[in-house]
Amino acid sequence: MYILGYPLGLIMRLLYNVLHSYGWSLIIFTLLIKLAMIPLSIKQQKASAKMAAIQPQLMEIQKMYAKNQQKMNEEMQRLYTRENYNPAGGCLPMVITMLVLFGLIDVIYNPLRHILGFDKAIIAQATEIMQGLGVAISQYSPQASIITSLQANPEAYAALGQEFITKVQSFDMNFLGINLGATPTFALNILILIPILSGLTAFLMSWISIKNNPTAMEGPGAASMKFMMLFSPLMSLWIAFKVPVGVGMYWIISNLFMVIQTMLLNKFYNPREMAEKAKQEAEERREKERQERIEAKKMARYGDADAKAKAKSQKEINRQKLAEARRRDAEKYGDAYTEVTDDDLE
């Protein structure tokens, strides 16, 4: 993940050199990255809203051709083309988002490398010294453990040189009275609030993201989506007790930003509202076509020769088109050909 984290680490280092506060650098860094990713989030939201809009038609196709997978795929592709929807359109933003996320995690987990600029060799030596001291090392962010250990016992790290010791000692990980390098425990102190807030904000983010998306709360994948809405926050809560407070604070800031962003995007690209609008437009279109057919029949019935000829001509054209389509399907899929009746043209 170092390759992904390197350019982001330069931004974090610049912020820290200006602000001289790990806490404020972390907050501004998180907000800047999230702001830069808004265009990707908008594109992903649009794709989600479009999918919700065509979902009723998609489910109808799946039901109609449940026993003919090839025909189902062809009809689904026709639907995508007609609605100008690319099923893979939401994948690229998601992939880019994941890559950025991995880079962010690398920066947050490794402040010695990305913010203070130390190489792997000296960090490895510091790790050996800390292990020799019997200090507990965070599995997720060992470099934060090194910083905390050195600041508490700088003499033990004398072999690494004064420059290393001075830089690490001056690295301020305190923010609003909280040591961001400390790891929370179940003890009743202020640190326990970080994992709890991390879990709560993760749940809030999941709930808001899913509640307006009918494709998530309805259909075959609804059960798994609801499970993930509960499971992800619990995982966030559990992991937040394993990592330094700074990582948990990053998650809280990120979750709150995503909550606000999702609420704003839903004002403009709400998947549920778009699905309802598409359904209403489809019903209105079908009703209009039905009324046109009724009107044509009435005109033909009352002796309007031109209307009668037009209705008859159009009816024959529709009959021929439907018959030809049935013949092609019968030949292609081995189905029995069924003659077209007047009821089929209603």
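Below, the figures for the structure above:
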{"item": "Residue within the stretch 205-221 that is assigned to a loop (DSSP other than H, G, I, E, B), crowded, with 19+ Cβ neighbours inside 10 Å, touching a helix residue (DSSP H, G or I) at 6+ places or on another chain (Cβ under 9 Å) and at pLDDT below 85 present", "result": "yes"}
{"item": "Condition met for residue 87 (open to solvent by 60 Å² or more (accessible area, probe 1.4 Å), more than 30 Å from residue 167 (Cα to Cα), of a type outside the set (S, T, N, Q) and not in a helix (DSSP H, G or I))", "result": "yes"}
{"item": "Selection within the stretch 84-140 - of a type in the set (Ser, Thr, Tyr) and at pLDDT 75 or above", "result": "85, 109, 127"}
{"item": "For residue 36: the one exception among (1) farther than 20 Å from residue 173 by Cβ; (2) open to solvent by less than 20 Å² (accessible area, probe 1.4 Å)", "result": "(2)"}
{"item": "Check on residue 107, closer than 30 Å to residue 38 by Cα and surrounded by 15 or more Cβ atoms within 10 Å (Cβ to Cβ)", "result": "yes"}
{"item": "Unique residue being over 27 Å from the mean Cα position of the chain (by Cα) and either more than 22 Å from residue 243 (Cα to Cα) or modelled with pLDDT of 75 or more (or both) when the list is 69, 62", "result": "69"}
{"item": "Restricting the stretch 222-277 to residues that are crowded, with 16+ Cβ neighbours inside 10 Å and among the small types (Gly, Ala, Ser), the residue that is modelled with the lowest pLDDT", "result": "275"}
{"item": "Criterion: among the aliphatic types (A, V, I, L, M) and surrounded by fewer than 17 Cβ atoms within 10 Å (Cβ to Cβ) - qualifying residue of 26, 58, 8, 31", "result": "31"}
{"item": "Residue tally, condition within 16 Å of residue 20 (Cα to Cα), assigned to a helix (DSSP H, G or I) and open to solvent by 30 Å² or more (accessible area, probe 1.4 Å), over the stretch 136-176", "result": "3"}
{"item": "Residue under evaluation residue 117, criteria (1) touching a Lys or Arg at 6+ places or on another chain (Cβ under 8 Å); (2) assigned to a helix (DSSP H, G or I); (3) closer than 30 Å to residue 244 by Cβ, criterion not met", "result": "(2)"}
{"item": "Inter-residue pairs, beta-carbon under 7 Å, first over 14 Å from residue 206 (Cβ atoms) and in the stretch 253-273, second among the basic types (Lys, Arg), 6+ apart", "result": "257/34; 269/46"}
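The values are calculated or read from the model by the stated rules, or taken from the named source; none is laboratory data. Remember, predicted model here, so these are calculated numbers, not experimental data. Cβ sites come from the backbone with ideal geometry, for glycine too, and all protein chains shown count toward neighbours. Protein only, heavy atoms only, side chains kept; ligands, DNA and RNA dropped before computing areas. Shrake-Rupley method; radii C 1.70, N 1.55, O 1.52, S 1.80 Å.
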